[in-house]
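Q: For reference, the structure I am asking about is given below.
Bear in mind that the values in this text are calculations on the coordinates, not laboratory data. Bear in mind that the values here come from a model prediction, so they are computed numbers and not experimental data. Reconstructed Cβ throughout: ideal geometry from the backbone, glycine too, with neighbour counts over all protein chains shown.
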Amino acid sequence: MALDKPYKDIPGTTIFDAEQSRLGYHLNQFCMSLMKAANRERFKADERAYLDEWPMTEDQKLAVLARDLNRCIALGGNIYFLAKIGATDGKSFQQMAGSMTGMSEDEYRDMMIKGGRSAEGNRYIGEDGDAQPQHQPQGQAGRKKD
Amino acid sequence: MAKISASVYTSHVPAIGAAIDLGKTADPYWVPLFKGYEPSKEWMEANRPDVIFLVYNDHATAFSLEMIPTFAIGCAAEFQPADEGWGPRPVPVVKGHPELAAHIAQSVIQDDFDLTIVNKMDVDHGLTVPLNLLCGSPQEWPCPVIPFAVNVVQYPVPSGRRCYNLGKAIRKAIESFDKPLKVQIWGTGGMSHQLQGPRAGLINREWDNAWLDRLIADPEGAAAVPHIDYVREAGSEGIELVMWLIARGAMDDVAGGPAPKVAHRFYHVPASNTGVGHLILENQ
């Protein structure tokens, strides 16, 4: 019987549930290893070699190398674990969160200072808010696309 | 007998801890936030508890994906501030209260809440940022703290209803402890925020404030809010608010006593990615 997952119809949002956690186990545990300074040094010295020590999928490794956090999340990553990569790179949580919107760091920071992203149009897939698939990437990056 | 004197609710944004640690609290960006906690520090001076029972969540710090306890009670004598990847925060070691913690574990498990007992655990910003906001940056924290970690990272997280009922069981446990301790129960995390995906940065000021109103006046109603409402309206990480219901469920009015007094209420956007909410409720 299908389990109740009512959170699949929210745009721009992946809920880290037991299924995602299963997919992302090794990816997230790799991230966790970066809590140790010695591991951070080894990772920075040769990222690919370090990743190859983990039984992650090739897609997961490529997403980490590209610092593509949206892709990491789609492949089972969780933001609190992925944040360890950001910490290794010297990035703040705001820089990491902002990177997933396509906005520049300044654009994202300005949005937050102005009160954050509105829920209007962003509650259900199919509405017209700024987090909807048809409006990616956001900010200047999206306007350049047109 | 021990008694719950008050409950405190606050967001626990890591950037607030970084602002404190890096001496940025006087920056224009942070001034309005810290100003909102000035009355709280005064209140804390005047209403110092013997123990704080502090409900928070671990952010992939003490608990990786190796083990994911839904409810974990810290029964150790002390807890070290964790290295979350930026080095440990320069805050005091957290002293526990093993005797009261063991008593609560015994009572609450007998009341059918299957707690995980943790005798060794580092504590992250989820626990230390609220202590800074209410106590400032002292050499030692003002009293022992019992850390109570809730899984809100991997779904399904516990429902608001279950958290609220757990609060009732914690109250019963504390009030059956045979020493005259004044205990505060704190619920932390939230309010609206989303840290992932193209919808990152979501804030819902109206929803947050309506939820605060409801938590104060209609906690039963707040406890009935389903997960999906938090996610849709307050962002994927807004789900942390279920932890506030543990503290609210432990208040006198829930057990037939008088309504609590609202000693302080504060709301501010933003702290980094997050809507910050704060309440102090006193038992009468």
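Q: From (1) within 14 Å of chain A (Cβ to nearest Cβ); (2) under 21 Å from B:Glu140 (Cβ atoms), pick out the condition that doesn't hold for B:Asp50.
A: It is condition (1) that B:Asp50 fails.
Q: Scan the stretch A:47-57 and give yes if some residue there is charged (D, E, K, R), in contact (Cβ under 8 Å) with a residue 12 or more places away in the chain, in a helix (DSSP H, G or I) and within 13 Å of chain B (Cβ to nearest Cβ), otherwise no.
A: So far as the stretch A:47-57 goes, no, none of its residues is charged (D, E, K, R), in contact (Cβ under 8 Å) with a residue 12 or more places away in the chain, in a helix (DSSP H, G or I) and within 13 Å of chain B (Cβ to nearest Cβ).
Q: Now for a different question. Collect the residues in the stretch A:1-24 that are buried (at least 18 other Cβ atoms within 10 Å of the Cβ) and more than 7 Å from chain B (Cβ to nearest Cβ), keeping them in residue-number order.
A: A:Gln20, A:Gly24 - these are the residues of the stretch A:1-24 that are buried (at least 18 other Cβ atoms within 10 Å of the Cβ) and more than 7 Å from chain B (Cβ to nearest Cβ).
Q: Output the number of the condition that A:His26 fails; it satisfies all remaining conditions of (1) farther than 19 Å from B:Met67 by Cβ; (2) out of contact with any helix residue (DSSP H, G or I) (no Cβ under 7 Å at 6 or more places or on another chain).
A: Looking at each condition in turn, A:His26 falls short on (1).
Q: Name the residue that is surrounded by the fewest Cβ atoms within 10 Å (Cβ to Cβ), counting only residues in the stretch B:218-228 that are assigned to a helix (DSSP H, G or I) and more than 10 Å from chain A (Cβ to nearest Cβ).
A: Filtering first and then ranking leaves B:Gly221.
Q: Go through the stretch A:63-146 and tell me which helices (runs of 4 or more DSSP H), entirely inside it, have 2 or more residues that are small (Gly, Ala, Ser) and facing chain B (nearest Cβ under 9 Å).
A: Passing ranges, in order: A:79-89, A:93-99.
Q: Using beta carbons and a limit of 9 Å, which pairs, at least six apart or on different chains, have the first residue in the stretch B:250-274 and under 22 Å from B:Glu42 (Cα atoms) and the second one of a type in the set (Phe, Trp, Tyr) and not in a loop (DSSP other than H, G, I, E, B)?
A: Pairs found: B:Ala263/B:Trp43; B:His264/B:Trp43.
Q: Go through the stretch B:1-104 and tell me which strands (runs of 3 or more DSSP E), entirely inside it, have 1 or more residues that are out of contact with any Phe, Trp or Tyr (no Cβ under 9 Å at 6 or more places or on another chain).
A: B:3-10, B:51-56
Q: Restricting the search to the stretch B:239-284, which residues are within 14 Å of chain A (Cβ to nearest Cβ) and either of a type in the set (Lys, Arg) or part of a helix (DSSP H, G or I) (or both)?
A: Within the stretch B:239-284, B:Ile239, B:Glu240 qualify.
Q: Mind checking which pairs have a first residue in the stretch B:44-55 that is in contact (Cβ under 8 Å) with a residue 24 or more places away in the chain and a second that is among the hydroxyl-bearing types (Ser, Thr, Tyr), Cβ under 8 Å, 6 or more apart or different chains?
A: Listed pairs, sorted by first residue: B:Asn47/B:Ser5; B:Pro49/B:Ser5; B:Leu54/B:Thr188; B:Val55/B:Thr188.
Q: Moving on to the next point. Return the pairs, sorted by first residue and then second, in which the second residue is among the charged types (D, E, K, R) and in a loop (DSSP other than H, G, I, E, B), the first residue lies in the stretch B:136-153 and is within 14 Å of chain A (Cβ to nearest Cβ), the beta carbons are less than 6 Å apart, and the residues are 6+ apart or on different chains.
A: Listed by first residue and then by second, the contacts come to B:Ala149/B:Asp58.
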